[in-house]
């Protein structure tokens, strides 16, 4: 029997989605003939007008050579594009299609997202409306859509009128933690540094902790909105919070920061899943988070404290409660590792394999 050919599309920056892609591609490379495709637009050409031209051109008149190459494979697996969300030429693909849709075009569909947009962003998104249409058509052309949580599945259903198969993301469990890495009086939060992640809530929460007990706050991002970052720094100075922001660091450095931190705090606005929560749990970090994201589906009463609102005072109380009670802290730290172990990549890959065999 000949080896199956799989065509993959991806165009993601660093982050949770790219981590999932890399793990899946590594696995597929070991079993199938894999060819990878991406957006043929250079990073120097990503002005709004160039993105629109690229999208119109490839949606209505995709390059025949690329479509023919993809259609010569047995199965197509699409991941997000940071430019067009779904692969722009997906509707022209005639082989069975699997689409990993970890979020909709949130700027068009979610009120919580639209509510915080600046006037300039609203104008830009109005100009980008054709991309919303292209994404809608391409997403609905998929044979199977894979989402990362019940929350994302609901969002997909509302936005596109289709359902998805839920496969929760996986995480690589650290084999060991170097004894030379000591825990600091530090809490950590991770994610793109923009308003959707709600880091200002954590800064305010930290500032409410008495100075003699106040931990340092480390924020690690895979991208940064400069004006928002400056706002966080200014806010931290006003509240006497020892804040450190690190952007685009290596995985090795991130792993060290997880290892030396005591607690993971997360207060995004309606996060579809939140891969970083799972990562933090794999390092034994208890979780303090707002009860608003898909990540709440994998948490329970022994993984930390979920706060019903993105309220700095309530978040602050939760941080103090865990850090101030060693027995409670140890209980949470032990349990989060056990939960994280249930979300191995082997489980993700087995579920994907079942889908691939079903489509053959």
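Limited to the stretch 281-296, what total is found for residues that are part of a helix (DSSP H, G or I) and touching a helix residue (DSSP H, G or I) at 6+ places or on another chain (Cβ under 6 Å)?
So the count comes out to 4.
Out of the residues in the stretch 241-274 meeting the condition of being in a loop (DSSP other than H, G, I, E, B) and in contact with a strand residue (DSSP E or B) (Cβ under 7 Å, 6 or more places away or on another chain), tell me which one is surrounded by the fewest Cβ atoms within 10 Å (Cβ to Cβ).
This residue is 242.
Which residue pairs have Cβ atoms closer than 8 Å, lie 6 or more positions apart in sequence or on different chains, and pair a first residue in the stretch 194-206 that is at positive phi and in contact (Cβ under 8 Å) with a residue 60 or more places away in the chain with a second residue that is buried (at least 23 other Cβ atoms within 10 Å of the Cβ) and not in a helix (DSSP H, G or I)?
As it stands, the answer is 198/267; 198/268; 198/290, since those pairs meet every condition given.
Can you name the condition, by its number, that residue 102 falls short on among (1) within 12 Å of residue 140 (Cα to Cα); (2) outside any strand (DSSP E or B)?
Going through (1) within 12 Å of residue 140 (Cα to Cα); (2) outside any strand (DSSP E or B) one by one, residue 102 breaks only (1).
Conditions (1) assigned by TED's automatic domain parsing to the domain that holds residue 195; (2) more than 24 Å from the chain's Cα centre (by Cα); (3) modelled with pLDDT of 90 or more, marked per residue:
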{"position": "61", "(1), (2), (3)": "no, yes, yes"}
{"position": "73", "(1), (2), (3)": "no, yes, yes"}
{"position": "106", "(1), (2), (3)": "no, no, yes"}
{"position": "116", "(1), (2), (3)": "no, no, no"}
{"position": "120", "(1), (2), (3)": "no, yes, yes"}
{"position": "125", "(1), (2), (3)": "no, no, yes"}
{"position": "131", "(1), (2), (3)": "no, no, yes"}
{"position": "142", "(1), (2), (3)": "no, no, yes"}
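Only residues that are in contact with a helix residue (DSSP H, G or I) (Cβ under 9 Å, 6 or more places away or on another chain) and either assigned to a helix (DSSP H, G or I) or at pLDDT 95 or above (or both): list them for the stretch 217-228, please.
Result: 217, 218, 219, 220, 228.
Please state which one of 28, 52 is modelled with pLDDT of 90 or more and over 30 Å from residue 344 (Cβ atoms).
52
Take the residues of the stretch 317-328 that are assigned to a helix (DSSP H, G or I) and free of Cβ contacts under 8 Å to residues at least 60 places away in the same chain: which is nearest to the chain's Cα centre (by Cα)?
The extreme case among them is 318.
Kindly indicate the residue of the stretch 300-316 that is part of a loop (DSSP other than H, G, I, E, B) and in contact with a strand residue (DSSP E or B) (Cβ under 6 Å, 6 or more places away or on another chain) and also nearest to residue 336 (Cα to Cα) among those meeting that condition.
Checking each candidate, the answer is 303.
Please tell me if residue 336 is over 20 Å from residue 239 (Cβ atoms), surrounded by 14 or more Cβ atoms within 10 Å (Cβ to Cβ) and assigned by TED's automatic domain parsing to the domain that holds residue 208.
Spelling it out, residue 336 is indeed over 20 Å from residue 239 (Cβ atoms), surrounded by 14 or more Cβ atoms within 10 Å (Cβ to Cβ) and assigned by TED's automatic domain parsing to the domain that holds residue 208.
The values are calculated or read from the model by the stated rules, or taken from the named source; none is laboratory data. All of these numbers come straight from a predicted model, not from anything done at the bench. Please note: Cβ atoms are built from the backbone with ideal geometry, for glycine as well, and neighbour counts cover all protein chains shown.
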